[in-house]
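Here is the structure we will look at.
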Amino acid sequence: MFPVRDPQRTLRAIALFRYGVAGLFLVLALLLEKPLLLGLAALALIMARSGYCPLVRR
């Protein structure tokens with residue numbers, strides 16, 4: 001766990017990063033036609049929507 005000054009801001013930044021990763025995987029899945037990347041995009045999107053991050057102390 002990492003103590004942070006503003007946990008809400010940190011969690012928003014992590015969610016934004018996860019949305020970017022999900023978008024990147026989605027674009028790569030469409031361009032390369034790899035079903036594994038589509039699954040990774042779905043997983044990253046679910047993680048971003050849930051807001052779960054065990055490393056940030058609230």
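For the range 4-26, name all the residues that are assigned to a helix (DSSP H, G or I) and in contact (Cβ under 8 Å) with a residue 40 or more places away in the chain. P7, T10, L11, I14 - these are the residues of the range 4-26 that are assigned to a helix (DSSP H, G or I) and in contact (Cβ under 8 Å) with a residue 40 or more places away in the chain.
Against the conditions (1) at pLDDT 85 or above; (2) open to solvent by 60 Å² or more (accessible area, probe 1.4 Å), G20 satisfies every one except (2). Is there any pair with a first residue in the range 27-56 that is open to solvent by less than 70 Å² (accessible area, probe 1.4 Å) and a second that is not in a helix (DSSP H, G or I) whose Cβ atoms are under 7 Å apart and which are 6 or more apart or on different chains, and what are they? Filtered contacts from the range 27-56: V56/F2; V56/V4. Within the range 6-17, the residues that satisfy the criterion of being more than 10 Å from the chain's Cα centre (by Cα) and either open to solvent by less than 50 Å² (accessible area, probe 1.4 Å) or of a type in the set (F, W, Y) (or both) are P7, T10, L11.
Scanning the range 16-49 for residues that are of a type outside the set (A, V, I, L, M, F, W, C) and farther than 19 Å from F2 by Cα returns Y19, G20, G23, E33, K34, P35, G39, R49.
The values are calculated or read from the model by the stated rules, or taken from the named source; none is laboratory data. Fair warning: this is a prediction, and the values are worked out from it, not measured in the lab. In this analysis, Cβ positions are derived from the backbone assuming ideal geometry, glycine residues included, and neighbour counts consider all displayed protein chains. Accessible surface is based on the protein model in full, side chains and every heavy atom, while ligands, DNA and RNA are left aside. Shrake-Rupley method; radii C 1.70, N 1.55, O 1.52, S 1.80 Å.
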